[in-house]
Amino acid sequence: MSVNAKLLEVTERIKKRSAKSRAAYLAACEDNMRDGPRRRRLSEGNLAHATAACPILEKTELLGAKWANIGIVTAYNDMLSAHQPFENFPSIIKHAARRNGATAQVAGGVPAMCDGVTQGQDGMELSLFSRDVIAYSTAIALSHDMFDAAIHLGVCDKIVPGLMIGALRYGYLPQIFAPAGPMPSGITNPEKARVRQQFAAGEVGRDVLLKAEAASYHAPGTCTFYGTANSNQMLMEIMGMQLPGSSFVHPNTPLRDALTAQTTRRATQITALGEDFTPACRVIDEKAIVNGLVGLMATGGSTNLTIHMAAIAGAAGIKINWDDFADISHIVPLICRIYPNGVADVNHFHAAGGMAYLIRELLSAGLLHNDVTTVAGGEGLSEYTREPIKNAHAEADTVIFRNGPTESLDKEILTTVKEPFRPDGGLALLKGNMGRCVMKVSAVKRDKWFVEAPAIVIDNQNDLIAMHKAGELERDFVAVLRFQGPRANGMPELHKLTPILGLQQDKGFAVALVTDGRMSGASGKVPAAIHMHPEALLGGAIARVRSGDMVRLDPLNGTVEVLDVDLSTRDVATMPKAQNLSTLGMNMFAPMRAQAGDSEAGASVLGDPDWMSE
């Protein structure tokens, strides 16, 4: 099947826009490539420091032989359920490396905060910036020049994007991701959401709410809804940065451990000392980025990736914007239903055919680029139509890849391009006199898309919660929550508002949210125009809206606007003094807030290297 003409057009547009920066990036990567073990250029003193704590076999090989050395960059901590399984991964990797004629060392650790723990709390204002801290930390881990490839251990919201940004800045090295997998299914996600709304309505107490939450988040592994963490895993696979079929295998299972060992084996093969040198700069190119955007649209992925993908692409010298997202959304149908776009979770998605079926279906419709380089090698992205099984008749870490399903095993979860759940993707770009923003429409019922109602302007999400408790939200309204952008307070997620807004919507009121902040990757049934820029703190028009203004959201026509008002004639509101910047280390992040870019450009604080300048 030839590639869709519009997809080719978007890809060529990105290539043209990125020509100078991409060429300079590739040139910088080529300049840093070297044959043989990279540690050869280190002094004897450098090597002695780097090997002092190694077991004798590893020390011997590192000091004198030609074995490749694999760096492990880990986001392990045992508070995050998705990252707790990584405790044992370095041991698995080191043993697998030795069996395959290589060594492995933990190069460094990166922070990994949980948005589920900080949701609605002060710590959420550090969440987005943690991505760039992780990128910095990844760069520090790889800066020793001891490593011929790197294996990255990370799953969740900001961790994978941060690792990717750091990895791509070392794009001359092969890089590969080893995921941990999702936890087993607990109570259904719709049931969890129902209890949350009951609590918001005062119908149940905290004991019932806690019981439901604990039954949902109950074991090691990724949360099972299709939020940012699982969107990350889909992206790493469809962009060729981890092995086929590795995204959604449960942790602490024989197949998961075998996949981790197989990832190590593959890492040794794609070093400059192996037979298939595959540096990251050749994996992540314009076609791989477009494939990632297609995957987001086809699955109804997290809105957080509208920010992170720009930052990831930028780290490889590639420039994308929300017009690219929107144009791809117009041609890529929604063929997955995973909560919040449906009732199934990622385990059901995996059982119904998972990534192998998804990629096969999109390739067959000409909606993906097959001619890409991946860490799996072989025949481009078509290698990812296969799925792994453990070889029970060979050594412990052997994985066999077989052809994945050619038909969906549950058409309520995975369907075909010809008979999609929606004819277009899950994202809309909105523009108007308030600015530019995005809206996830895949989980919003069509009759709830269009909202025209008076604004309730607030500067803190807790203000809306107080209004709800006071009974002041029993009406149609558009909550305009401003001063939530990157420069203002780090662009926190505002998922805390979801139960209240969903409750009022269920009562029959027309409700929506407009904000320069973020919603959770699990944002769902309530229309939410988010990531608005220019943000309020920088004088964006959202800072000129007043309570009572009539606001219209119209994702079908791609508009968000205040009606019958010339906003340019109004004064810009002043951000109220924050009360929490001295707590939880918040004041340490003032320099990051001061230099953060806008959300469409990735909201990054890293700054552009020389090769990104025109």
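Listed here are the residues, each with its yes/no results for (1) more than 24 Å from the chain's Cα centre (by Cα); (2) modelled with pLDDT under 90; (3) buried (at least 22 other Cβ atoms within 10 Å of the Cβ); (4) acidic (Asp, Glu).
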{"position": "Lys418", "(1), (2), (3), (4)": "yes, no, no, no"}
{"position": "Arg422", "(1), (2), (3), (4)": "no, no, no, no"}
{"position": "Arg446", "(1), (2), (3), (4)": "yes, yes, no, no"}
{"position": "Asp459", "(1), (2), (3), (4)": "yes, no, no, yes"}
Exercise. Hey, could you check the stretch 193-223 for residues that are modelled with pLDDT under 90 and β-branched (Val, Ile, Thr) and say which is farthest from Gly181 (Cα to Cα)?
Key: Val204
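Please work out which residue is surrounded by the fewest Cβ atoms within 10 Å (Cβ to Cβ), limiting yourself to the stretch 506-547 and to residues that are polar (S, T, N, Q) and at pLDDT below 95.
Kept after step one, since they are polar (S, T, N, Q), are these residues of the stretch 506-547: 515, 520, 523, 547.
Those still in the list that are at pLDDT below 95 too: 520, 523.
Values: Ser520: 24, Ser523: 26.
Ranking the candidates gives Ser520 first.
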Quiz item: Do we have Val560 as over 24 Å from Phe325 (Cα atoms), of a type in the set (Val, Ile, Thr) and buried (at least 17 other Cβ atoms within 10 Å of the Cβ) here?
Solution: no
Quiz item: Which members of the stretch 211-228 meet the condition of being free of Cβ contacts under 8 Å to residues at least 40 places away in the same chain, outside any loop (DSSP other than H, G, I, E, B) and under 17 Å from Asp115 (Cα atoms)?
Solution: Glu213, Ala214, Ser216
Quiz item: Can we say Thr271 is in a loop (DSSP other than H, G, I, E, B) and on the phi < 0 side of the Ramachandran plot?
Solution: yes
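Do we find that Arg256 is surrounded by fewer than 24 Cβ atoms within 10 Å (Cβ to Cβ), within 21 Å of Leu358 (Cβ to Cβ) and either assigned by TED's automatic domain parsing to the domain that holds Leu80 or of a type in the set (Ser, Thr, Tyr) (or both) in this structure?
Numbers: surrounded by fewer than 24 Cβ atoms within 10 Å (Cβ to Cβ): yes; within 21 Å of Leu358 (Cβ to Cβ): yes; either assigned by TED's automatic domain parsing to the domain that holds Leu80 or of a type in the set (Ser, Thr, Tyr) (or both): yes.
For Arg256, the condition - surrounded by fewer than 24 Cβ atoms within 10 Å (Cβ to Cβ), within 21 Å of Leu358 (Cβ to Cβ) and either assigned by TED's automatic domain parsing to the domain that holds Leu80 or of a type in the set (Ser, Thr, Tyr) (or both) - is met.
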Quiz item: Is the stretch 100-108 home to any residue that is out of contact with any Ser or Thr (no Cβ under 6 Å at 6 or more places or on another chain), assigned to a helix (DSSP H, G or I) and assigned by TED's automatic domain parsing to the domain that holds Gln233?
Solution: no
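Do we have Met146 as closer than 30 Å to Ala53 by Cα, in a loop (DSSP other than H, G, I, E, B) and touching a Lys or Arg at 6+ places or on another chain (Cβ under 7 Å) here? Steps first, answer last, please.
Details: closer than 30 Å to Ala53 by Cα: yes; in a loop (DSSP other than H, G, I, E, B): yes; touching a Lys or Arg at 6+ places or on another chain (Cβ under 7 Å): yes.
So Met146 fits the description; yes.
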Quiz item: Across the stretch 545-564, what is the number of residues that are more than 28 Å from the chain's Cα centre (by Cα) and more than 23 Å from Glu472 (Cβ to Cβ)?
Solution: 2
Quiz item: Does the stretch 518-532 contain any residue that is in contact with a helix residue (DSSP H, G or I) (Cβ under 6 Å, 6 or more places away or on another chain), of a type outside the set (D, E, K, R) and under 15 Å from Asp598 (Cβ atoms)?
Solution: yes
Exercise. Say whether the condition of being out of contact with any Cys (no Cβ under 8 Å at 6 or more places or on another chain), within 23 Å of Gly274 (Cβ to Cβ) and among the charged types (D, E, K, R) is met by at least one residue in the stretch 11-32.
Key: yes
Quiz item: Is there a residue being part of a loop (DSSP other than H, G, I, E, B) and over 28 Å from Leu501 (Cβ atoms) anywhere in the stretch 181-193?
Solution: yes
Quiz item: Do we have Leu430 as crowded, with 19+ Cβ neighbours inside 10 Å and in contact with a Cys (Cβ under 6 Å, 6 or more places away or on another chain) here?
Solution: yes
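The values are calculated or read from the model by the stated rules, or taken from the named source; none is laboratory data. Computed from a prediction, not measured in an experiment: that's the story for all the values here. Every residue, glycine as well, gets a Cβ built from its backbone with ideal geometry; the counts of neighbours run over all protein chains shown.
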